[in-house]
Amino acid sequence: MEKIRTMKTSREILEDFKNGKISIDEAERLLKANRIISIEDFVNIDMERELRTGIPEIVYSASKNPKQAAQIAIKIAQTKNLSIMTKISNEHTIEIQNILPKDLEIEVHELAKLIVVKKKGYQIEDKGGKIGIITAGTSDIPIAEEIKIICKSMGCSTFTSYDVGIAGLHRIFPPLRKLIDAEVDVVVVCAGFEGLLAGVVSSLIDVPVIGVPTSIGYGVSEKGFSALNSMLSSCSPIAVVNIDNGFGAGVMAAKIANRVASFRNKLKDK
């Protein structure tokens with residue numbers, strides 16, 4: 001059983017205090033209780049993470065029991081409107097479909113190995129950030145799709161171009177023109193094998209580039225370490241996340257893009 005059932009957000013609690021509905025002591029107690037919700041004996045959910053960091057609550061599912069992962073994602077979505085299960089298996093999908101409450105809905109993204117859980121009718125706020133996502137090959141697309149969904153969950157628009165790697169270097173120029181025309185705030189590049197595409201893109205555009213090494217390849221390229229080392233060694237400056245870390249790349253890209261969008265909107269208002 002849940003030990004704490006605080007459902008109001010911190011903002012709602014503060015508004016109740018402002019309007020005289022609760023005392024300052026009651027507000028303090030609710031704010032303290034609101035920080036963590038315990039589900040049975042296996043997890044403590046930090047309910048204020050999004051307020052502090054701007055990142056929606058993510059349930060890394062690969063190492064979790066399908067039933068427990070589903071219960072966690074459902075509880076978060078019921079209290080915070082949205083949660084995302086990453087690195088899912090078919091068992092995770094089946095489990096959450098079996099126990100999903102009527103007030104929630106899910107989007108299953110099999111290619112991205114990801115499930116979005118949200119309250120019915122909930123709409124994600126458009127924060128104005130614009131992100132380009134590029135892959136070297138078609139094998140990198142699952143990680144790119146994970147990045148796209150994470151970025152969209154944080155209120156960003158995405159522009160994708162897939163299978164434009166350096167095996168045919170001429171292919172990169174039309175997508176880059178599209179991203180420049182769209183005035184993206186950051187570009188995320190997914191590449192396996194030798195992972196050179198991220199550095200090439202960085203050398204051609206004036207926006208930040210995040211490199212995502214993928215575990216695509218064989219021989220010395222197996223498991224993505226060659227791509228990781230290549231990106232870390234790039235003479236054209238890029239930021240680099242862990243191998244197959246679509247979530248991390250998406251979050252960093254969205255934070256950059258939304259920060260830029262915030263200042264862009266302030267300039268428009270002057």
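By average Cβ neighbour count within 10 Å, what is the ranking of 191-202, 112-123 from highest down?
Numbers: 191-202: 25.3, 112-123: 17.8.
Put in order of decreasing packing, that is 191-202, 112-123.
Run the numbers on segment 61-211 and let me know its relative contact order in percent, using alpha-carbon pairs under 8 Å that are six or more apart.
After rounding, I find 19 percent.
Tell me which cysteines of the chain come out unpaired when the rule is another cysteine's Cβ under 4.7 Å.
190, 235
For the peptides 130-142, 56-68, what is the packing order when you average, over each peptide's residues, the other Cβ atoms within 10 Å and list the highest mean first?
Working: 130-142: 23.8, 56-68: 17.6.
Order by mean packing, descending: 130-142, 56-68.
Quick one: if you take sqrt(5λ) for each eigenvalue of the C-alpha gyration tensor of segment 51-205, what semi-axes come out, biggest first, whole angstrom? List each step's numbers first, then the result.
Details: eigenvalues 209, 65, 25 Å².
With the √(5λ) rule applied to segment 51-205, the semi-axes are 32, 18, 11 Å.
Just to confirm a number: summing +1 for Lys and Arg and -1 for Asp and Glu over residues other than residue 215 whose beta-carbon lies under 14 angstrom from that of residue 215, what do you get? Before the final figure, lay out the partial values.
Numbers: positive: 87, 113, 223; negative: 140, 146, 194, 222, 244.
Once all neighbours under 14 Å are counted, the net charge is -2.
Taking R0 as 51 Å, what's the FRET efficiency between residue 229 and residue 100 from their Cβ-Cβ distance, rounded to 0.05?
Working: r = 42 Å, r/R0 = 0.83.
Step by step, r from the Cβ atoms, then E = 0.75.
Using a simple charge model, +1 on the beta-carbon of Lys and Arg, -1 on the beta-carbon of Asp and Glu, nothing else, what dipole does the chain show about its Cα centre, in debye to the nearest 20? Walk me through the intermediate numbers first.
On the way: 35 positive and 33 negative charges, 140 e Å.
Here the size comes out at about 680 debye.
Taking H placed 1.01 Å from N in the peptide plane, check which residues at least 5 places from residue 104 or on another chain put their amide H under 5 Å from its amide H.
The list, which skips near neighbours in sequence, is 120.
Neighbour counts of other C-beta atoms within 10 Å: give me 105, 125, 222 arranged from fewest to most. Mind dumping the intermediate values first?
Numbers: 105 15, 125 7, 222 12.
In increasing order of surrounding Cβ atoms, one gets 125, 222, 105.
Hey, got the Cα dimensions of segment 130-264 along the principal axes, in Å, largest first?
Largest first, segment 130-264 extends 45, 28, 25 Å along its Cα principal axes.
What relative contact order, as a whole-number percentage, does segment 127-270 give when Cα pairs under 8 Å and 6 or more residues apart are counted? Intermediate values should be presented prior to the final figure.
Numbers: 321 pairs, mean separation 41.5, N = 144.
Once normalised by length, the contact order is 29 percent.
Quote the relative contact order of the chain in percent (integer), defining contacts as alpha-carbon pairs under 8 Å separated by 6+ residues. The partial results should precede the final answer.
Values: 524 pairs, mean separation 36.2, N = 270.
RCO, the chain: 13 percent.
Looking only at Cα atoms, what is the convex hull volume of the chain per residue, in Å³?
Working: hull volume 41.6 nm³, N = 270.
Given the Cα convex hull of the chain, per-residue volume reads 154 Å³.
Where a number appears in this text, it was derived from the coordinates with a stated rule and is not lab data. Everything quoted here is computed from the prediction, not taken from an experiment. Don't worry about glycine lacking a Cβ; one is built from the backbone with ideal geometry, like all the others, and counts go over all protein chains shown.
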